[in-house]
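For reference, the structure discussed in these notes is given below.
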Amino acid sequence: MKILFFKELLSTSKKAKEIANEVEPWTVVVAESQNAGYGKKKRGWFSPSGGLYFSIIIKPEELEELQLLTFAAGIAVAKVINEKFKIKACLKWPNDVLIEERKVCGILTESVIRGKMASVVVGIGIDTNIEKFPPELANTATSLKVELKEEVNNKEILDAVLKELRDMLKKNATAIAQEYRLYENTLGKKIKVVVQGKEIYGKAFDFDQKGDLIVKLKDKQTIKILEGEVTYNF
């Protein structure tokens with residue numbers, strides 16, 4: 001595993017995608033801060049100095065289902081937070097790590113295909129030593145420093161998450177999906193899912209073996225959600 005450290009980047013995932021075909025699998029791009037960090041649908045990700053921002057370049061033979069790769073990364077982060085800091089972190093489908101319903105980490109998995117070469121970039125942003133959030137995030141985000149009232153060691157967290165993720169990817173898809181259930185907090189909740197601009201209301205019923213969300217509608221029919229923005233507690 002090779003780790004490339006940068007003082008500042010537009011985005012670790014952008015950099016990782018640029019170099020994906022030139023480096024070995026499990027090259028990790030880390031930045032102290034990002035000027036244009038992003039999450040799903042290219043939404044901006046608050047990335048000041050103090051947080052932990054990194055993207056991992058993985059070759060697709062590691063795991064073909066991108067959703068399960070996102071699951072594996074979420075499990076790795078939640079597990080490290082739970083075990084290292086004794087804080088209960090849970091997973092909101094498909095790619096958020098929460099502490100007390102506030103986001104502490106976001107994960108974005110992207111395919112990179114250039115010519116005959118294919119890679120996957122897993123971008124992870126963890127709010128570690130961030131003390132204050134902008135007003136639009138004040139009620140929905142938190143950090144390990146806010147929760148613990150003390151600073152944490154970003155290098156130790158990075159090493160621990162990478163180790164957990166490698167261990168997770170030695171497991172098969174069924175085992176990953178089963179372990180995800182130990183940390184998830186979405187199933188059983190009344191939810192709203194926005195899919196391609198359309199709002200769908202129902203109850204989060206189950207996940208399938210690929211990690212897609214199965215939603216039970218008011219008429220008792222079930223539909224499968226491959227990707228979407230989930231809201232609950234509304």
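The values are calculated or read from the model by the stated rules, or taken from the named source; none is laboratory data. It should be emphasised that the depicted structure is a prediction, and the values quoted were computed from it without experimental measurement. A quick note on method: Cβ atoms are made from the backbone with ideal geometry, for glycine too, and the neighbour counts reach across all protein chains shown.
Return only the number of the condition from (1) surrounded by fewer than 16 Cβ atoms within 10 Å (Cβ to Cβ); (2) among the hydrophobic types (A, V, I, L, M, F, W, C); (3) in a loop (DSSP other than H, G, I, E, B) that A175 does not satisfy.
A175 satisfies all of (1) surrounded by fewer than 16 Cβ atoms within 10 Å (Cβ to Cβ); (2) among the hydrophobic types (A, V, I, L, M, F, W, C); (3) in a loop (DSSP other than H, G, I, E, B) except (3).
Residue by residue through the stretch 1-22, note down the ones that are in a loop (DSSP other than H, G, I, E, B) and touching a strand residue (DSSP E or B) at 6+ places or on another chain (Cβ under 6 Å).
S11
Please work out which residue is surrounded by the fewest Cβ atoms within 10 Å (Cβ to Cβ), limiting yourself to the stretch 23-61 and to residues that are at pLDDT below 90 and more than 25 Å from V230 (Cα to Cα).
Filtering first and then ranking leaves E61.
State whether one or more residues within the stretch 8-20 are surrounded by fewer than 17 Cβ atoms within 10 Å (Cβ to Cβ), in contact with a helix residue (DSSP H, G or I) (Cβ under 9 Å, 6 or more places away or on another chain) and in the same structural domain as D167 (by TED's automatic domain parsing).
Of all residues in the stretch 8-20, those surrounded by fewer than 17 Cβ atoms within 10 Å (Cβ to Cβ) come to 8, 10, 18-19.
Restricting the remaining residues to those that are in contact with a helix residue (DSSP H, G or I) (Cβ under 9 Å, 6 or more places away or on another chain) gives none.
Taking every residue of the stretch 8-20 in turn, none turns out to be surrounded by fewer than 17 Cβ atoms within 10 Å (Cβ to Cβ), in contact with a helix residue (DSSP H, G or I) (Cβ under 9 Å, 6 or more places away or on another chain) and in the same structural domain as D167 (by TED's automatic domain parsing).
Out of (1) surrounded by 12 or more Cβ atoms within 10 Å (Cβ to Cβ); (2) assigned to a helix (DSSP H, G or I); (3) at pLDDT 95 or above, the odd one out for E156 is which?
Only one criterion is unmet by E156, namely (1).
Across the stretch 91-119, what is the total count of residues that are hydrophobic (A, V, I, L, M, F, W, C), in a strand (DSSP E or B) and touching a Ser or Thr at 6+ places or on another chain (Cβ under 6 Å)?
Adding up the residues that qualify gives 4.
Might you let me know whether the stretch 138-147 holds any residue that is exposed (fewer than 15 other Cβ atoms within 10 Å of the Cβ) and either not aliphatic (A, V, I, L, M) or not in a loop (DSSP other than H, G, I, E, B) (or both)? Quick ask: steps written out before the conclusion?
Of the residues in the stretch 138-147, the ones exposed (fewer than 15 other Cβ atoms within 10 Å of the Cβ) are 138-140.
Then keep just the ones that are either not aliphatic (A, V, I, L, M) or not in a loop (DSSP other than H, G, I, E, B) (or both); that gives 139-140.
The answer is yes, given that some residue of the stretch 138-147 is exposed (fewer than 15 other Cβ atoms within 10 Å of the Cβ) and either not aliphatic (A, V, I, L, M) or not in a loop (DSSP other than H, G, I, E, B) (or both).
Which is touching a Gly at 6+ places or on another chain (Cβ under 6 Å) and not assigned by TED's automatic domain parsing to the domain that holds K203, of I99, I130, I124?
I130
Can you confirm whether V161 is assigned by TED's automatic domain parsing to the domain that holds E32 and assigned to a helix (DSSP H, G or I)? Even if it seems obvious, please write down each step before you answer.
Working: assigned by TED's automatic domain parsing to the domain that holds E32: yes; assigned to a helix (DSSP H, G or I): yes.
When the stated conditions are applied, V161 passes them.
Quick one: T186 ticks every box in (1) buried (at least 16 other Cβ atoms within 10 Å of the Cβ); (2) free of Cβ contacts under 8 Å to residues at least 12 places away in the same chain; (3) among the β-branched types (V, I, T) except a single one, so which number is it?
Every condition holds for T186 apart from (2).
Scan the stretch 191-225 for residues that are touching a residue at least 40 places away in the same chain (Cβ under 8 Å) and either surrounded by fewer than 13 Cβ atoms within 10 Å (Cβ to Cβ) or not in a strand (DSSP E or B) (or both) and jot them down.
K210, G211, D212
So how many residues does the stretch 65-93 have that are buried (at least 20 other Cβ atoms within 10 Å of the Cβ), of a type in the set (F, W, Y) and out of contact with any Gly (no Cβ under 9 Å at 6 or more places or on another chain)?
So the answer is 0.
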